[in-house]
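Colleague: Please read through the structure below; I'll follow up with questions.
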Amino acid sequence: MLGLGVDRLQADINRLLTSLFHQGVLDEQFLQLQQLQDETSPTFVYDVINIYFDESEKLLRSLRLLLMDREFSDYKKIGLHLNQLVGSSSSIGARRVRNVCVAFRSASELNNRPGCLRGLEIVEHEYHYLKNMMHELFQLEQQRLLAAGVRYPM
Amino acid sequence: MATTSTGDIEKTKSVEVKKKLNVLIVDDDPVIRKLHEIIIKSIGGISQTAKNGEEAVNIHRDGNASFDLILMDKEMPERDGLSATKKLREMKVTSMIIGVTTLADNEEERKAFMEAGLNHCLAKPLSKAKILPLINNLMDA
């Protein structure tokens with residue numbers, strides 16, 4: 001019975017991952033992260049993704065504050081924040097977030113404020129979708145580990 | 001077994017000397033630092049991190065730092081990778097320095113970074129496959 005539960009959960013995880021790859025939400029860099037996780041670093045993927053969430057949310061808040069300011073003109077700062085978001089999104093395999101950040105950055109390079117505001121909305125939307133999907137993935141993984149009788153500190 | 005200050009482990013005469021790769025990871029992004037730490041760990045190395053080029057330079061100021069390899073991000077606050085690399089070479093730091101750039105960096109920017117004193121330049125995201133050939137060359141040397 002336990003075995004069937006584990007198998008079903010693994011199938012759910014595989015289905016979710018396949019869907020995320022198919023949608024272009026994730027790319028092969030995410031597989032690299034999974035391959036780096038082993039018994040010496042059993043929660044590596046969870047840890048690095050959570051660091052990504054913390055840092056990304058700080059950057060997105062900062063971007064929103066900058067753009068909401070009526071006197072705003074610091075496009076260079078927008079560019080620096082976006083460079084960081086592009087870099088960290090690439091590093092965890094968050095392809096769609098990375099791509100919309102690149103588009104947003106193009107608007108900032110043209111000092112296009114309406115384009116930047118639109119870019120920010122799109123990045124926020126993609127980021128929150130990714131975050132929801134990752135939470136679902138981690139919940140399934142946690143259930144699978146519990147079903148298999150494995151305990152890791154979370 | 002005796003352990004030297006650089007972490008070399010000397011065993012008895014019948015066994016070869018075994019050295020752990022000692023790496024300094026310099027990046028302002030904690031996601032990248034975490035990823036690079038795990039990559040280095042996965043190939044049997046140990047690492048220390050610095051949040052920017054100024055921290056990396058400060059680690060070397062007392063002359064006791066001894067890294068086989070420095071992974072140096074290009075864009076960082078306080079002191080960027082180019083400036084940090086130049087400074088480290090002025091300080092006679094002989095570690096292999098691999099510059100880590102992004103796709104946004106153009107050819108001219110990468111060339112300037114190399115000329116600051118890098119041994120190699122790689123684009124993010126780093127992976128074991130990208131870094132291992134360079135490290136194998138370093139360990140063979």
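FYI, it's all coordinate maths here, none of it is from the lab. Remember, predicted model here, so these are calculated numbers, not experimental data. Using ideal geometry, Cβ is built from the backbone for each residue, glycine included, and neighbour counts are taken over all protein chains shown.
Colleague: Dividing the Cα radius of gyration by the Kirkwood radius, what Rg/Rh value follows for the protein assembly as shown? Walk me through the numbers on the way to the answer.
Modeller: Working: Rg = 21.3 Å, Rh = 21.0 Å.
Ratio of gyration radius to Kirkwood radius for the protein assembly as shown: 1.01.
Colleague: Here's another thing I want to ask about it. Give me the inter-chain shielding for B:38-49: mean count of other chain Cβ atoms within 10 Å, whole number please. Walk me through the numbers before you get to the answer.
Modeller: Numbers: counts 10, 2, 0, 5, 7, 0, 0, 0, 0, 0, 0, 0.
Whole-number average of other-chain Cβ neighbours for B:38-49 is 2.
Colleague: Same structure again: Quick one: compute the contact order of the range B:3-135, relative version, from alpha carbon pairs under 8 angstrom and 6+ residues apart, as a percent.
Modeller: Details: 207 pairs, mean separation 26.5, N = 133.
With pairs under 8 Å counted, the relative contact order is 20 percent.
Colleague: Order these peptides, B:66-78, A:84-96, by their mean beta-carbon neighbour count within 10 angstrom, highest first.
Modeller: Numbers: B:66-78: 21.9, A:84-96: 24.9.
Output ranking for B:66-78, A:84-96: A:84-96, B:66-78.
Colleague: Which is farthest toward the positive dipole end of the range A:17-92 among A:G79, A:T43, A:M68, measuring Cα position about the Cα centre, with Cβ charges +1 (Lys, Arg) and -1 (Asp, Glu)?
Modeller: Positive-most Cα among the choices belongs to A:M68.
Colleague: Check A:S41: other-chain or 5+ apart residues with amide H under 5 Å from its amide H, H built from backbone geometry?
Modeller: Those lying under 5 Å, H to H, from A:S41: there are none.
Colleague: Additional query: Quick check for me: using +1 on Lys/Arg Cβ and -1 on Asp/Glu Cβ, what's the dipole size of the range B:3-135 about its Cα centre, in debye to the nearest 20? Mind dumping the intermediate values first?
Modeller: Working: 21 positive and 21 negative charges, 131 e Å.
Its charge dipole is roughly 620 debye.
Colleague: Would you work out the relative contact order for the range A:1-146, in percent, from Cα pairs under 8 angstrom that are 6 or more residues apart?
Modeller: Details: 122 pairs, mean separation 45.8, N = 146.
Computed value for the range A:1-146: 31 percent relative contact order.
Colleague: Amide H neighbours of B:E75 under 5 Å, at least 5 residues apart or on other chains, H built in the peptide plane: list them.
Modeller: B:G81
Colleague: For B:I70, which sequence-distant residues (separation of 5 or more, or a different chain) have an amide H within less than 5 Å of its own amide H, given hydrogens modelled in the peptide plane?
Modeller: Amide H to amide H, under 5 Å and 5 or more residues apart or across chains, B:I70 pairs with B:L24, B:M96, B:I97, B:I98.
Colleague: Compute the angle between helix A:2-23 and the longest alpha-carbon principal axis of chain A, please, reported from 0 to 90 degrees and rounded to the nearest 10.
Modeller: So the helix axis and the longest Cα principal axis differ by about 20 degrees.
Colleague: Another question about this same structure. Given Cα pairs under 8 Å that are at least 6 residues apart, what percent is the relative contact order of the range A:81-127?
Modeller: Working: 40 pairs, mean separation 16.0, N = 47.
So the answer I get is 34 percent.
Colleague: Partner chain Cβ atoms within 10 Å, averaged over the residues of A:29-36 - can you pull that number for me? Intermediate values should be presented prior to the final figure.
Modeller: Working: counts 4, 0, 0, 7, 4, 0, 3, 7.
Mean partner-chain Cβ count within 10 Å for A:29-36: 3.
Colleague: Counting only helical runs of four or more DSSP H residues, what would the 222 nm mean residue ellipticity of the protein assembly as shown come to if each run contributes -39,500 (n - 2.57) and the total is spread over all its residues? Can you show the working numbers first?
Modeller: Numbers: 11 runs with 177 residues, N = 295.
Mean residue ellipticity at 222 nm (helix-derived): -20000 deg cm²/dmol.
Colleague: Follow-up question, since we're still on this one. By how many degrees, 0 to 90 and rounded to 10, does the Cα axis of helix A:113-147 deviate from the longest principal axis of chain A?
Modeller: The helix A:113-147 is inclined about 10 degrees to chain A.
Colleague: With just the Cα atoms defining each centre, how far is the range B:44-111 from the range A:132-147? Give it in Å.
Modeller: Cα centres, the range B:44-111 to the range A:132-147: 38 Å.
Colleague: Which longest run of chain A has no exposed loop site in it, a site being GluC sites (Glu not before Pro) in a DSSP loop with at most 12 other beta carbons within 10 Å, and the site itself not part of the run? Spell out each step's value before the answer.
Modeller: Working: sites that count: A:E39, A:E71.
The longest uninterrupted stretch comes out as A:72-154.
Colleague: Per residue, how big is the convex hull around the C-alpha atoms of chain A? Give it to me in cubic angstrom, could you? Please report the intermediate quantities before stating the final value.
Modeller: Working: hull volume 15.5 nm³, N = 154.
Here the figure is 101 Å³ per residue.
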